[in-house]
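Only one structure is covered here, and it is reproduced in the block below.
The values are calculated or read from the model by the stated rules, or taken from the named source; none is laboratory data. Quick caveat: nothing in here was measured; it's all calculated off a predicted structure. No Cβ is skipped: glycine too gets one built from the backbone with ideal geometry, and neighbour counts run over all protein chains shown. Heads up: the accessible areas ignore ligands, DNA and RNA and are worked out on the full protein's heavy atoms, side chains in. Shrake-Rupley method; radii C 1.70, N 1.55, O 1.52, S 1.80 Å.
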Amino acid sequence: MTSPSRISSLLIKPAGPDCNLACDYCFYRPAGALYPHTRRPRMQPHVLRELVAQYMALSDTPAFCWQGGEPTLMGVDFFRRVVALQQKHGRSGQVVANSLQTNGVLIDDEWARLLARYRFLVGLSLDGPADIHDHYRRNRGGAPTHARVLQALRTLRQHRVETNALSLITPLSASQPEPVFRFLVEQGLEYLQFIPCVEHETFGLSPGQWGDFLCATFDLWLPLRDRLHLRHVDDLILQLLGRGNEVSCACKPECGDYLVVEHNGDVYACDFFVDEPHRFGNLLQTPLAELAALPEALAFAAAKRSLAAECRACEFLELCYGGCCKHRVFHAERLDVPTFLCGGFRQFFAHALPQLRPLVDEYRAGAPR
């Protein structure tokens, strides 16, 4: 079971669901309904102080993941205070990690200098070439954002900020795997993460579209494997190497190795379950250590083990453990069913494993990875 000391990271929403874009497929915007009287959600100094102090005391390797909405709406000075508080509450031997998930629109030299100085890892939302990216990712006035995101990427690279790309895959991008892949690689990005869009009827992938996209990008990755990382391929390699504790949460036997903290200190079970039934409490009233150990938190973590009979009998069970719970419940409203994307993942595993197993043997023998 997950214990407080095993909370590997916090996903923090300092500006709540507030954002300077109006992406058609945004899944987090509805979280604003939880705070109907807050027009401009922003994390206040006393909440930030308590958050940092509690988490620094809870973990030897605290990982602060700043997300949104759009976290850069908080301004550069907010993150200067973040670092100052981490330094104040740090102890000898403690290793602190910060990551920032951003649409990139506000990134300039001042931001990049701060991110570089304190070694933030930046996840930049970039869906591919302009025609694909701008199809859904526009600002509130309806203007395209692709050029501004590429400018942010150039600025981050100039300041040597480690930057990964996160690309949401819709039917539009899934139908063009090679242009998407080639474009991202041409930007000099070395870490790519593809995220399936499934919740929206208008933009949602079918299992077959997802499987085709995974297989196509795997084939494109193979010749570049010594210098390029794909998150879904890395997860599969780590599982084959017996390093399952390092994979994405969706590939683990249980959930619950992180918590979500909203702008006011409310704590939720998961980024995809920010709703009243999954609100554990508020860190201003109940410390994080106690919230993580609540029966409700432990039950949420263990619930993923409610597998369908098909999953228990599946040859690929130990590679995905039923996948992300949100992909089970959104279409069936229960957990003991296969993930909606099961067919796509099975297609990918069957395609990739015969080619990956020899590579994994090389990695075991000492080849770098």
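Annotations for the structure displayed:
- Taking the numbered list (1) at pLDDT 95 or above; (2) open to solvent by 80 Å² or more (accessible area, probe 1.4 Å) in turn, residue 349 passes all entries but (2).
- Any hit, region 38-51, residues being of a type in the set (Asp, Glu), more than 30 Å from residue 127 (Cβ to Cβ) and in contact (Cβ under 8 Å) with a residue 40 or more places away in the chain: yes
- Taken residue by residue, region 133-148 has no member that is part of a helix (DSSP H, G or I), touching a residue at least 40 places away in the same chain (Cβ under 8 Å) and among the hydrophobic types (A, V, I, L, M, F, W, C).
- Restricting 96, 105 to residues that are over 18 Å from residue 194 (Cβ atoms), open to solvent by less than 60 Å² (accessible area, probe 1.4 Å), of a type outside the set (S, T, N, Q) and in contact (Cβ under 8 Å) with a residue 60 or more places away in the chain narrows the list to 105.
- Annotation: residue 84 fulfils all but one of (1) in contact with a helix residue (DSSP H, G or I) (Cβ under 8 Å, 6 or more places away or on another chain); (2) part of a helix (DSSP H, G or I); (3) within 24 Å of residue 259 (Cα to Cα); the unmet one is (1).
- Subset of region 113-139 that is hydroxyl-bearing (Ser, Thr, Tyr) and open to solvent by less than 60 Å² (accessible area, probe 1.4 Å) - its residue that is nearest to residue 76 (Cα to Cα): 125
- In region 19-77, the qualifying residues are those that are hydroxyl-bearing (Ser, Thr, Tyr) and either open to solvent by 40 Å² or more (accessible area, probe 1.4 Å) or in a helix (DSSP H, G or I) (or both), and the one that is farthest from residue 264 (Cα to Cα) is 61.
- Filtered residues of region 50-76 (kept if of a type in the set (D, E, K, R) and at pLDDT 95 or above): 50, 70
- Considering region 175-192, the residues that are of a type in the set (D, E, K, R) and assigned to a helix (DSSP H, G or I) include one that is most open to solvent (accessible area, probe 1.4 Å), namely 186.
- Among the residues of region 251-290, just one is of a type in the set (Lys, Arg) and either in a helix (DSSP H, G or I) or out of contact with any strand residue (DSSP E or B) (no Cβ under 9 Å at 6 or more places or on another chain) (or both), namely 252.
- The selection criterion, being at pLDDT below 95 and either assigned to a strand (DSSP E or B) or within 21 Å of residue 55 (Cβ to Cβ) (or both), does not hold for residue 324.
- Within region 291-331, the residues that satisfy the criterion of being of a type in the set (D, E, K, R) and without any contact (Cβ under 8 Å) to a residue 60 or more places away in the chain are 296, 304, 305, 310, 312, 315, 328.
- Meets criteria (among the small types (Gly, Ala, Ser) and under 23 Å from the mean Cα position of the chain (by Cα)) for residue 68: yes
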